[in-house]
Amino acid sequence: MAEIKTSVPRRRFDVVIVGAGGSGMRASLQLARAGLNVAVLSKVFPTRSHTVAAQGGIGASLGNMSEDNWHYHFYDTVKGSDWLGDQDAIEFMCREAPKVVYELEHFGMPFDRNADGTIYQRPFGGHTANYGEKPVQRACAAADRTGHAMLHTLYQQNVKARTQFFVEWMALDLIRDSEGDVLGVTALEMETGEVYILEAKTTLFATGGAGRIYAASTNAFINTGDGLGMAARAGIPLEDMEFWQFHPTGVAGAGVLLTEGCRGEGAILRNVNGERFMERYAPTLKDLAPRDFVSRCMDQEIKEGRGCGPNKDYINLDMTHLGGDTILKRLPSVFEIGHNFANVDITKEPIPVVPTIHYQMGGIPTNIHGQVVVPKNGNPNAVVNGLYAVGECSCVSVHGANRLGTNSLLDLLVFGRAAGNHIVDAFKRADQAHKPLPADAADYSLSRIARLDGSSSGEYAQDVANDLRNTMQKHAAVFRTQELMTAGTVEVAKLRERVANITLKDKSKVFNTARIEALEVENLIESAQATIESAAARHECRGAHTVKDYERGADDPQFPLGRNDAEWMKHTLWYSQGNRLEYKPVNLKPLTVDSVPPKVRTF
Ligand SMILES: Cc1cc2nc3c(=O)[nH]c(=O)nc-3n(C[C@H](O)[C@H](O)[C@H](O)COP(=O)(O)OP(=O)(O)OC[C@H]3O[C@@H](n4cnc5c(N)ncnc54)[C@H](O)[C@@H]3O)c2cc1C
């Protein structure tokens with residue numbers, strides 16, 4: 001075995017999982033139960049991962065409360081994705097959905113119940129019965145604390161299965177050898193400031209989203225896209241990063257999320273005239289049209305002077321007609337959020353909301369087993385040996401250009417489980433060995449830290465991060481223009497230079513959160529640049545990517561609603577090295593059923 005030049009401490013595992021959210025813990029559970037030696041790293045205590053904040057529900061066609069089947073779910077998800085989702089992956093997810101939800105139920109998940117004892121399901125945006133005919137009740141919910149219940153359930157099962165958790169450890173970089181195989185990660189133990197090499201036969205990223213590249217975000221502060229940063233620095237492209245979901249109902253001014261479950265339970269969006277304006281834009285689904293659609297309509301109302309409040313800059317979400325009992329039973333957290341963040345009693349008055357950044361549809365490219373794939377020798381989806389990715393940091397792609405609510409928690413369960421199973425099978429098939437580490441395995445991470453520690457001048461991480469967030473907010477918003485996006489590429493390139501010049505005032509090692517923040521900004525810049533470069537290059541409107549310059553009517557014969565399938569029905573791949581773009585085809589072929597052919601996306 002090659003000698004490591006540095007005296008970096010090393011530990012060895014069968015599998016290292018970075019991330020203890022829903023996806024990481026669903027994967028680790030499969031592995032620990034199969035008797036593999038698995039370590040799960042997390043920047044925070046596992047049950048504080050962002051999955052804990054998920055409110056509305058998990059999508060699965062159980063049909064407990066209205067007629068439903070996975071074919072409807074499949075159709076809705078393809079249409080929701082604006083035909084950028086891969087139909088094999090979407091079929092796999094929708095078919096597996098009931099199974100993973102029942103499994104979760106058997107793990108002890110405290111779902112709300114119907115009178116007959118079955119799992120309670122509420123309607124959600126874009127989920128329909130009979131191929132778009134009417135809303136369906138598909139979101140399996142535990143009040144408005146579904147993610148909280150799910151994350152705690154998975155944590156308890158992992159404790160039982162003896163998963164090893166490394167809490168308050170931050171993975172820094174991937175270790176790849178000269179053949180490109182992944183051999184583990186370097187990681188920083190926050191308590192001591194010490195850097196370790198964590199060797200693994202298989203490494204799995206479950207690091208969540210990068211929602212903190214925007215200024216107004218529903219995301220936790222830890223959502224800095226570290227997995228995306230590590231992948232990008234290690235030469236792996238990021239897929240479809242131009243597609244960011246704005247959630248229609250963030251509390252105006254605060255950014256805190258009010259679940260779509262509010263509208264699922266019957267809440268209504270109203271403009272300054274009290275009008276239920278969604279009836280005009282989406283006659284069938286109304287307030288329950290998909291998120292990209294509703295967010296744009298709200299923005300339109302505000303732009304046309306029908307916003308509410310003294311500055312006419314927000315929309316009212318009205319729940320007063322639901323009654324106090326329903327609100328306290330089904331939406332208790334929303335009631336508290338109204339009180340704490342808007343000083344509003346939602347049982348008595350409407351609450352001000354604005355579209356707020358929420359979710360990244362893109363991420364690290366994978367196949368349906370969770371294996372990371374990159375273009376190589378003419379194969380657009382060649383497997384990277386030893387590396388998997390699941391959850392929000394990955395792009396399978398089931399969400400395409402726009403995710404339907406409740407499909408993310410589902411994605412975590414389905415693909416966390418699938419990746420776990422695939423890894424276990426690989427270990428069963430052949431004896432997996434640790435490959436020899438390259439001699440410079442830790443040098444890159446150590447040099448990044450040494451630069452920070454050696455810096456005596458430069459800017460503070462939070463100043464650069466704030467400017468980055470404001471830049472993204474301005475240049476890659478709900479409605480985009482070509483001019484703004486192109487200018488954004490220049491701004492973000494300048495920010496990258498500033499990131500390289502960040503300084504650290506406090507150089508101490510023990511629990512130095514300033515050092516961690518500086519390292520996080522090095523990850524943020526990768527996601528931000530991937531986003532702005534991919535967006536500026538996509539000359540059409542699709543899903544969450546709506547560009548004024550390319551907007552057309554629904555009846556435009558060539559580009560209905562601005563979508564250009566002939567040229568742009570393809571996935572973007574952004575490479576950090578050389579800041580360049582490539583493209584790969586969308587998979588329109590499901591596994592067993594007929595393809596859903598592209599059509600105009602109206603609701
Ligand atoms: C407020 C809110 C409400 C939502 N509601 C719903 C909903 O009702 N239904 C739905 O389907 N979706 C919902 N979503 C989306 C969904 O919750 C997320 O997409 C999903 O939970 C992400 O899970 P994850 O496992 O990928 O990552 P996360 O839960 O974000 O976990 C990421 C993990 O990675 C760790 N990590 C990150 N970087 C590092 C590093 N460098 N080193 C070590 N560890 C690291 C973190 O500590 C954490 O443990 C919601 C999202 C938000 C923000």
Quick check: anything in region 151-163 at pLDDT 95 or above, under 30 Å from Val294 (Cβ atoms) and within 23 Å of the chain's Cα centre (by Cα)?
yes
Suppose we filter Asp112, Asp86 for residues that are over 26 Å from His369 (Cβ atoms) and modelled with pLDDT of 95 or more; which single one remains?
Asp112
Residue check, Pro365 surrounded by 15 or more Cβ atoms within 10 Å (Cβ to Cβ), closer than 24 Å to Ser408 by Cβ and touching a residue at least 40 places away in the same chain (Cβ under 8 Å):
yes
More than 22 Å from His148 (Cα to Cα), touching a residue at least 24 places away in the same chain (Cβ under 8 Å) and within 15 Å of the ligand (Cβ to nearest atom), is that true of Asn402?
yes
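Go over the candidates Arg212, Arg280, Arg233, Arg306 one by one and state the one that is surrounded by fewer than 24 Cβ atoms within 10 Å (Cβ to Cβ), within 23 Å of Ala465 (Cα to Cα) and either modelled with pLDDT of 95 or more or acidic (Asp, Glu) (or both).
Criteria check complete, one pass: Arg233.
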Tally time: how many residues in region 190-205 are out of contact with any Lys or Arg (no Cβ under 7 Å at 6 or more places or on another chain) and part of a strand (DSSP E or B)?
8
Determine which single condition Asp299 fails, assuming it passes every other condition in (1) assigned to a helix (DSSP H, G or I); (2) surrounded by 21 or more Cβ atoms within 10 Å (Cβ to Cβ); (3) touching a residue at least 60 places away in the same chain (Cβ under 8 Å).
(2)
Where residues in region 143-188 are β-branched (Val, Ile, Thr) and outside any strand (DSSP E or B), which of them is nearest to the ligand (Cβ to nearest atom)?
Thr146
Residue set Ala500, Ala537; condition of a type outside the set (Ser, Thr, Tyr), under 21 Å from Asp82 (Cβ atoms) and not assigned by the TED database to the domain that holds Asp292; output residue Ala537
Where Asp318 falls short, out of the listed (1) charged (D, E, K, R); (2) within 16 Å of the ligand (Cβ to nearest atom); (3) in contact (Cβ under 8 Å) with a residue 40 or more places away in the chain
(2)
Please state which of the following conditions Leu561 fails to meet, knowing it meets all the rest: (1) hydrophobic (A, V, I, L, M, F, W, C); (2) within 30 Å of Gly227 (Cβ to Cβ); (3) in a helix (DSSP H, G or I).
(2)
List every residue pair whose Cβ atoms sit under 7 Å apart, with the two residues 6 or more apart in sequence or on different chains, where the first one lies in region 48-69 and is free of Cβ contacts under 8 Å to residues at least 24 places away in the same chain and among the small types (Gly, Ala, Ser) and the second, anywhere, is assigned to a helix (DSSP H, G or I) and within 15 Å of the ligand (Cβ to nearest atom).
none
Would you check if there is a residue in region 7-26 being more than 9 Å from the ligand (Cβ to nearest atom) and hydroxyl-bearing (Ser, Thr, Tyr)?
yes
Gly578 being more than 30 Å from Lys286 (Cα to Cα), at pLDDT 95 or above and part of a loop (DSSP other than H, G, I, E, B)
yes
Touching a residue at least 24 places away in the same chain (Cβ under 8 Å), closer than 29 Å to Thr531 by Cα and either among the β-branched types (Val, Ile, Thr) or surrounded by 18 or more Cβ atoms within 10 Å (Cβ to Cβ) (or both): does that describe Pro355?
yes
Could you say whether any residue in region 46-56 is in a helix (DSSP H, G or I), touching a strand residue (DSSP E or B) at 6+ places or on another chain (Cβ under 9 Å) and either at pLDDT below 95 or away from the ligand (no atom under 13 Å from the Cβ) (or both)?
no
Here the residues within region 581-603 that are assigned to a strand (DSSP E or B) and of a type in the set (D, E, K, R) are Glu582, Lys584
Only unsatisfied item for Arg429, checking (1) more than 16 Å from the ligand (Cβ to nearest atom); (2) surrounded by 14 or more Cβ atoms within 10 Å (Cβ to Cβ), is (2)
Only one of these conditions is not met by Val414: (1) within 16 Å of the ligand (Cβ to nearest atom); (2) modelled with pLDDT under 95. Which number is it?
(2)
As an exercise: evaluate Asn311 against (1) within 24 Å of Cys140 (Cα to Cα); (2) over 29 Å from the mean Cα position of the chain (by Cα); (3) of a type in the set (S, T, N, Q) and give the number of the one condition it does not meet.
(1)
I need the full set of residues from region 418-445 which are in a helix (DSSP H, G or I) and out of contact with any Asp or Glu (no Cβ under 8 Å at 6 or more places or on another chain), in order please.
Ala419, Gly420, Asn421, His422, Ile423, Val424, Asp425, Ala426, Lys428, Arg429, Asp443
Quick one: which of Asn223, Asn273 is in a loop (DSSP other than H, G, I, E, B), surrounded by fewer than 20 Cβ atoms within 10 Å (Cβ to Cβ) and either touching a Cys at 6+ places or on another chain (Cβ under 7 Å) or not aliphatic (A, V, I, L, M) (or both)?
Asn273
Output for region 223-247, where each listed residue is within 13 Å of the ligand (Cβ to nearest atom) and within 25 Å of Leu288 (Cα to Cα):
Trp244, Gln245, Phe246, His247
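The values are calculated or read from the model by the stated rules, or taken from the named source; none is laboratory data. All figures in this text were calculated on a predicted structure; none of them were measured in a lab. Because the Cβ atoms are built from the backbone with ideal geometry, glycine has one as well, and the counts that use them run over all protein chains shown.
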